[in-house]
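Enquirer: Provided herewith is a single structure, encoded as structure tokens, for subsequent inquiry.
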Amino acid sequence: MDFTRLSKVDGVIESFIAKKDFPGAVLAVVRENKIVYLKAYGNKWVYPKTEPMTTDAVFDMASCSKVMGTTMCIMQLFERGEIRLTDNVEMYIPGFKPYVDTATGEKVNIRIVDLLTHSSGLPPYVNPSVIINKYGNSDPASLMDWIANCKRDFRPTTDFQYSCLNFITLQNILQSITGEKLCDFAQKNLFDRLGMEHTTYSPKAQNKTEIMKFVCPTEKQPDGSVLFGEVHDPLARVINKGNSGNAGVFSSAEDIAILVAALMNDGEINGRRVLGKETVKL
């Protein structure tokens with residue numbers, strides 16, 4: 001790894017900061033189980049105060065949570081033999097409707113692998129207001145009921161459509177099998193096992209002060225307050241209260257590097273294994 005060549009990325013990141021595409025960033029480059037380049041750029045806070053970015057900053061990982069949390073945990077269940085990727089979702093979420101061909105009446109079940117690969121036909125998203133207006137509340141069970149019964153946009157496996165609803169469904173499958181919240185399962189079986197000390201769901205709600213002091217804010221709200229330590233995504237925040245399959249993980253560049261290195265090393269790093277070699281390959 002050539003440091004001079006690696007450092008050329010500095011100008012790229014700094015140019016986007018200058019254009020105000022984002023206020024700051026942290027870059028970690030991993031090779032052979034080690035961080036070979038780690039650098040902070042720009043600012044961590046820009047409102048109501050200015051504070052420079054630091055390499056230990058904790059970010060709302062947004063949809064990277066789908067990979068860092070949900071996918072990893074689902075594949076752990078697969079490895080344990082508690083699910084098959086070809087299992088129909090309805091096996092774990094009773095009443096989960098199949099795709100129905102309007103011309104022939106043929107029913108096609110949605111499978112776990114269809115959710116993981118965004119080929120299920122579920123809609124991309126639903127505004128929390130739709131759930132609240134329909135059910136009169138904002139609880140996770142109402143959201144899952146809506147997903148179970150909503151219109152399917154296409155026959156499973158015939159198209160690709162990125163969907164937060166796929167991963168909220170996966171969350172509910174995991175919870176129905178384990179009896180645990182996704183956030184608790186991931187913390188115990190993934191983040192803590194790998195020694196990711198600054199990675200968690202909903203640090204503010206859990207009062208994790210040792211993580212909160214590193215957290216970056218995400219967005220100024222209409223009332224002038226700032227989202228800070230609460231997941232930005234509306235479904236994850238308003239309906240799922242921070243425990244959500246589509247978003248909700250908070251992490252730092254150095255912690256993400258641990259997970260990346262483990263995956264590059266067939267599921268294990270520093271004697272800590274979270275997945276087997278063949279599962280990582282799959």
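Enquirer: Looking only at the stretch 77-122, how many residues end up being of a type in the set (Lys, Arg) and surrounded by 14 or more Cβ atoms within 10 Å (Cβ to Cβ)?
Expert: Of all residues in the stretch 77-122, those of a type in the set (Lys, Arg) come to 80, 84, 97, 107, 111.
Next, from what is left, pick out any that are surrounded by 14 or more Cβ atoms within 10 Å (Cβ to Cβ): 97, 111.
Selection size over the stretch 77-122: 2.
Enquirer: Let me ask you something else. In the stretch 23-59, how many residues are exposed (fewer than 13 other Cβ atoms within 10 Å of the Cβ) and in a loop (DSSP other than H, G, I, E, B)?
Expert: Of the residues in that region, 5 qualify.
Enquirer: Give me the pairs: first residue in the stretch 102-122 and within 15 Å of Ile83 (Cβ to Cβ), second residue charged (D, E, K, R) and in a loop (DSSP other than H, G, I, E, B), beta-carbon distance under 7 Å, and six or more apart or on different chains, which are they?
Expert: Arg111/Asp87; Ile112/Asp87
Enquirer: Right, something else. If a residue must be open to solvent by less than 40 Å² (accessible area, probe 1.4 Å) and of a type in the set (A, V, I, L, M, F, W, C), how many such residues does the stretch 259-282 contain? Walk me through it before giving the result.
Expert: Taking the stretch 259-282 and keeping what is open to solvent by less than 40 Å² (accessible area, probe 1.4 Å), we get 259, 261-262, 267, 269, 274-276, 279.
Within this subset, residues satisfying the condition of being of a type in the set (A, V, I, L, M, F, W, C) are 259, 261-262, 269, 274-275.
Going through the stretch 259-282 one residue at a time, the tally reaches 6.
Enquirer: Considering only the stretch 249-258, I want to know if a residue exists there that is open to solvent by less than 10 Å² (accessible area, probe 1.4 Å), touching a Gly at 6+ places or on another chain (Cβ under 9 Å) and in a strand (DSSP E or B).
Expert: yes
Enquirer: Here are Glu210, Glu230: which of them is in a loop (DSSP other than H, G, I, E, B) and over 23 Å from Met75 (Cβ atoms)? Steps first, please.
Expert: Numbers: Glu210 fails: in a loop (DSSP other than H, G, I, E, B).
Just one listed residue meets the conditions, Glu230.
Enquirer: Shifting gears a bit: Among the residues of the stretch 61-81, write down those that are under 13 Å from Ser244 (Cα atoms) and not β-branched (Val, Ile, Thr).
Expert: Taking the stretch 61-81 as the starting set, the residues that turn out to be under 13 Å from Ser244 (Cα atoms) are 61-71, 73.
Answer for the stretch 61-81, where residues must be under 13 Å from Ser244 (Cα atoms) and not β-branched (Val, Ile, Thr): Met61, Ala62, Ser63, Cys64, Ser65, Lys66, Met68, Gly69, Cys73.
Enquirer: Considering the stretch 123-150 alone, what residues qualify as being over 23 Å from Asp87 (Cβ atoms) and not in a helix (DSSP H, G or I)? First the steps, then the outcome.
Expert: Our first condition is that a residue be over 23 Å from Asp87 (Cβ atoms); within the stretch 123-150, this holds for 124-139, 142.
Residues satisfying the conditions are Pro124, Tyr125, Val126, Asn127, Gly136, Asn137, Ser138, Asp139.
Enquirer: Filter the stretch 193-232 for residues that are open to solvent by 30 Å² or more (accessible area, probe 1.4 Å), closer than 26 Å to Asn166 by Cβ and under 17 Å from the mean Cα position of the chain (by Cα) and give the result.
Expert: Thr218, Glu230, His232
Enquirer: Related question: Applying the selection to the stretch 44-59, what residues are touching a residue at least 12 places away in the same chain (Cβ under 8 Å) and more than 23 Å from Glu197 (Cα to Cα)? So that I can check it myself, show each step before the final result.
Expert: First, the residues of the stretch 44-59 that are touching a residue at least 12 places away in the same chain (Cβ under 8 Å): 44-48, 52-59.
Val46, Tyr47, Pro48, listed by residue number.
The values are calculated or read from the model by the stated rules, or taken from the named source; none is laboratory data. Since the model is a prediction, treat every value here as computed from it, not as a measurement. Please note: Cβ atoms are built from the backbone with ideal geometry, for glycine as well, and neighbour counts cover all protein chains shown. Note: areas computed on protein heavy atoms with side chains; ligands, DNA, RNA excluded. Shrake-Rupley method; radii C 1.70, N 1.55, O 1.52, S 1.80 Å.
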